[in-house]
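What follows is a single structure, written as structure tokens, with notes after it.
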Amino acid sequence: MKILHNGTVLTMDPANPVLEKGALLIEGDKISALGGEELLREHPQARCLDARGGLILPGMINTHMHMYSAFARGMGIPGYRPRSFTDILEGLWWRLDKLLTPRDNYYSAMVSGIEAIQNGTTTLIDHHASPNSAAGSLDELAQACSELGLRASLSYEVSDRDGPAVAAAGIAENTRFARWCEEEKSPRLAASFGLHAAFTLSDETLGACAKAARGQGFHVHTAEAQSDRDYSMERHGLPVVKRLDKFGLWGPRSLAIHCVHIDSEEMDILAQRDVSLVHNPESNMGNAVGRARVEAMVEKGLRLGLGSDGYTTDMFEGMKVANLLLKHGQGDPAAGGEVEALLANNIDIASRHFGRSIGRLAPGWQADAIILKYKPYTPLTGENWFYHLLMGVSGGMVATVLVDGRILMEDGQLLGVDREKVFAQARPQAERLWKRL
Ligand SMILES: [Zn+2]
């Protein structure tokens, strides 16, 4: 039994968003009560975690992540000067992913996972690629996430870009890992069926994926760049969402990532199929692929969440960028309110994905909670709490992190993992990868 107390609790529960001088009672892996200091008197045996007047929040959720991208940080490629999205894929990501070994996969996940915890992100929905070590790759990631205590959904990006044998290995990895999840019933691991993107998948491979999937829902980059849409129109006579719809890939557990270049009709199809969409503002800006029409998607009632596409594990940073991109993109300083919906939709997406209630501080929900050293110098109320998250908070303020009631970090100290040791082991691993490149 644990109690988080002496903080302002932001519950993410619309019925009761802010609890001043609040406290949270955790029993096992779930939250059992919300209240105030009386919880300490009622449960004197509980282990107390003092928020010292800071914020108590649910753990943050990243609905689109690539842990395998970790070793690209700081990497220079001689002569690399991308002029298009395709150049970025061919010049960077498809060179890097081919070189990843099982150990690289493991350490990429370890360092990404450690940073996620330190930034208060407790749930990751990951999309993995390592074409020359596809078999067993999701086990390496699962091993890292389990060691760290994170909640993660894993998938392997099937693609035809490296030939039929690698595509088949990707399909096999998705189905093998989904079966493992079914059998193990791990409380914190889940599977989706990864597909790289429509433009690297033939009709035959898409058909094979549809047949092989074990009901886990598809996780696919969707119309990220104009070139993806153009290719689909020229080659298949259909825009991306419609083409993938032909194979029955869209359903309530599927994730359509980016959707920068989809039209209103495609949005309607995604709405009808009850698909979740994920916006990745930093990535879209970094790859210069354009801006997703977040305002139209939210207006249509689409379940649009927020991911980072590997850019960061600090979801507070992602929220800020999403807000600025909405304002900048529309030339409207009053725009950006949709970001609150993205945050709420992440809760819905994660809860569907893991089949558990994740992302809210309320009785019966999973005990994924964080404490931030944030004491506002302006009033924080039930009306303006979101703007404090947007303008005042960052991942670096996270002090304490719990997942399923287990403490992963306390007062800035990671428990159960030696960050220095892991980073020291990861560095030569990254160095060797860079040399091979
Ligand atoms: Zn991605």
Okay, helix-only estimate at 222 nm for the chain: each DSSP H run of n ≥ 4 adds -39500 (n - 2.57), divide by all residues, round to 500 deg cm²/dmol; what do you get? -11500 deg cm²/dmol
Using label points projected 7 Å from each Cα along Cα→Cβ, tell me how many nm separate Glu184 and Lys375, to one decimal. 4.3 nm
Exposed GluC sites (Glu not before Pro) absent - longest run of the chain, DSSP non-H/G/I/E/B, at most 15 other C-beta within 10 Å: 38-382
By how many nm would the segment from Asp203 to Arg95 grow when fully extended, if each residue of separation counts as 0.36 nm and the alpha-carbon distance is taken off? 36.4 nm
So what is the relative contact order for segment 255-388, in percent, with contacts set as C-alpha pairs under 8 Å and at least six apart? 17 percent
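In the chain, once you exclude exposed chymotrypsin sites (Phe, Trp or Tyr not before Pro) (DSSP loop, at most 12 other Cβ within 10 angstrom), what's the longest stretch remaining?
It works out to 81-376.
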Out of Val422, Val241, Val398, any idea which swings most in a Gaussian network model of the chain, alpha carbons joined below 10 Å? Val422
Could you list, bin by bin from short to long, the percent of Cα-Cα pairs of segment 335-426 in 5 Å steps? 3, 11, 15, 19, 21, 17, 9, 4, 1, 0
If every alpha-carbon in segment 82-234 counts as one equal scatterer, what log10 I(q)/I(0) does Debye give at q = 0.10, 0.11 1/Å? -0.35, -0.42
What translational diffusion coefficient, to the nearest whole µm²/s, does segment 140-224 have by Stokes-Einstein, given a Kirkwood radius computed over alpha-carbon pairs, a temperature of 10 °C and 1.306 mPa s viscosity? 120 µm²/s
Which distance in Å, rounded to a whole number, links the C-alpha centroids of segment 280-357 and segment 1-60? 28 Å
In segment 1-160, what percentage of the DSSP-assigned beta bridges are antiparallel, given to the nearest 5? 45 percent
What percentages, rounded to whole numbers, describe P(r) for segment 61-354 computed over all alpha carbon pairs with 5 Å bin width beginning at zero? 1, 6, 13, 18, 20, 19, 14, 7, 2, 0, 0
Pairs of Cα atoms under 8 Å, at least six residues apart: use those to get the relative contact order of the chain, whole percent. 20 percent
The chain, Gaussian network, Cα under 10 Å: of Leu141, Leu39, Leu402, the residue fluctuating most is Leu39
Assuming 0.36 nm per residue, please report the length gained on full extension of the stretch Ser394 to Ala15 beyond their Cα-Cα distance. 133.9 nm
Please list 3J(HN,Hα) in residue order for segment 60-75, calculated via the Karplus relation 6.51 cos²θ - 1.76 cosθ + 1.60 where θ = phi - 60°; whole Hz, with x for glycine and proline. 7, 10, 10, 8, 8, 9, 10, 4, 5, 7, 3, 6, 7, 4, x, 7
If we restrict to alpha carbons, what Rg and Dmax does segment 1-99 come to, in Å? 22.6, 65
Under a point spin-label approximation (7 Å from Cα along Cα-to-Cβ), what is the Arg291-Gln45 distance to one decimal in nm? 5.7 nm
Segment 110-159-segment 205-231 distance, computed between alpha-carbon centres (Å): 20 Å
Alpha carbon convex hull of segment 274-399, volume per residue in cubic angstrom: 134 Å³
Once you've got the GNM for the chain with C-alpha springs shorter than 10 Å, pick whichever of Thr122, Thr381, Thr101 has the biggest mean-square fluctuation. Thr381
Sorted by chain and number, the residues with a modelled amide H under 5 Å from that of Ala367, at a separation of 5 or more or across chains, are Lys30, Ile31, Asp404, Gly405
Among the listed pairs Lys21/Lys373; Lys98/Lys421; Lys98/Lys211, give every one whose C-alpha distance is greater than 23 Å. Lys98/Lys421; Lys98/Lys211
Assuming R0 = 41 Å, what is the FRET efficiency of Arg83 and Asp411, from their Cβ-Cβ distance, to the nearest 0.05? 0.30
Work out how much length Glu27 to Arg432 would gain on full extension: take 0.36 nm times their residue separation and subtract the Cα-Cα distance, in nm to one decimal. 141.3 nm
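Please compute, over every Cα-Cα pair in segment 211-268, the percentage with a separation greater than 14 angstrom.
In whole percent, the long-distance tail amounts to 53.
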Leading residue at positive end of dipole, the chain (Cβ point charges), from Asn346, Ala70, Leu100: Leu100
Give me, ordered by chain and number, the residues 5 or more places off Leu437 or on other chains with an amide H under 5 Å from its own placed amide H. none
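Laboratory data are not the source of any read-out in this text; all were calculated from the coordinates shown. All figures in this text were calculated on a predicted structure; none of them were measured in a lab. Note: ideal-geometry Cβ built from the backbone for every residue, glycine included; neighbour counts use all protein chains shown.
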